[in-house]
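Down below is the structure, laid out as structure tokens.
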Amino acid sequence: MSSDPNCIFCKIVAGQIPARKVHEDEDLIAFHDIHPWAPVHVLVIPKLHIATLSDAGPEHEALLGRMLGLAPRLMRELGVTNGFRTLVNTGKDGGQEVYHLHMHVMGGPRPWARG
Ligand code: 5GP
Ligand code: ZN
């Protein structure tokens, strides 16, 4: 399934619900988290609906690499100069709330609200 009509992040990919996008290319989008933990908190997601990191297979390795590779570029563009945190929550015990694979990228001066 490349897209799930009930998935909130698929709706953001499709432009059906708004998001403050900071990046879009053929395979990925990135947008500000609606409840930021840090002064800068964005989510990097594949356009393809992959529910969790556990559902990613070898065919997705390049995509996963591109998600990680985008993080430092986005942080630079958003003015983060002193380091940042990347986080992927996976499944119930991983604390995942939205079942469309996403990577949190958080930065900016501390203290942070969380994390
Ligand atoms: P998880 O716990 O699944 O790793 O994180 C899901 C994240 O998505 C949370 O940080 C939450 O604030 C964010 N989020 C959930 N719904 C929306 C939304 O509709 N728009 C945006 N921009 N972020 C969302
Ligand atoms: Zn989805």
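The values are calculated or read from the model by the stated rules, or taken from the named source; none is laboratory data. The structure displayed is predicted, hence computed values, not measured ones. Please note: Cβ atoms are built from the backbone with ideal geometry, for glycine as well, and neighbour counts cover all protein chains shown. We work out accessible area using only protein heavy atoms, side chains counted, and drop any ligands, DNA or RNA first. Shrake-Rupley method; radii C 1.70, N 1.55, O 1.52, S 1.80 Å.
Side notes on the structure shown:
- Whenever a residue of segment 30-42 is over 17 Å from GLY83 (Cα atoms), its partners that are more than 6 Å from ligand 1 (Cβ to nearest atom) and charged (D, E, K, R), lying with C-beta atoms within less than 6 angstrom and at least six residues away or across chains, give the pairs PHE31/ARG20; PHE31/LYS21; HIS32/ARG20.
- Between HIS60, HIS49, the distinction of being farther than 30 Å from PRO109 by Cα, within 15 Å of ligand 1 (Cβ to nearest atom) and either assigned to a helix (DSSP H, G or I) or touching a helix residue (DSSP H, G or I) at 6+ places or on another chain (Cβ under 9 Å) (or both) belongs to HIS49 only.
- Just one of the listed residues (GLU61, GLU97) is among the charged types (D, E, K, R), under 16 Å from PHE9 (Cβ atoms) and open to solvent by 40 Å² or more (accessible area, probe 1.4 Å), and it is GLU97.
- Among residues of segment 1-15, those that are part of a loop (DSSP other than H, G, I, E, B) and within 18 Å of GLU97 (Cβ to Cβ), counted: 3
- For segment 78-98, taking the residues that are more than 16 Å from ligand 2 (Cβ to nearest atom), of a type outside the set (Ser, Thr, Tyr) and under 16 Å from the mean Cα position of the chain (by Cα), the one that is nearest to ASN6 (Cα to Cα) is identified as GLY95.
- Here LEU48 passes the criteria (1) open to solvent by 60 Å² or more (accessible area, probe 1.4 Å); (2) within 16 Å of ligand 2 (Cβ to nearest atom); (3) touching a residue at least 40 places away in the same chain (Cβ under 8 Å); (4) more than 15 Å from the chain's Cα centre (by Cα) except the one numbered (4).
- Residues that are more than 11 Å from ligand 1 (Cβ to nearest atom), open to solvent by less than 60 Å² (accessible area, probe 1.4 Å) and either modelled with pLDDT of 95 or more or over 12 Å from the mean Cα position of the chain (by Cα) (or both) do occur in segment 28-35.
- Segment 16-27, residues that are part of a loop (DSSP other than H, G, I, E, B), in contact with a helix residue (DSSP H, G or I) (Cβ under 9 Å, 6 or more places away or on another chain) and within 12 Å of ligand 1 (Cβ to nearest atom): GLN16, ILE17, PRO18, ALA19
- Selection within segment 73-94 - open to solvent by less than 50 Å² (accessible area, probe 1.4 Å) and more than 22 Å from ILE50 (Cβ to Cβ): MET75, VAL80, GLY83
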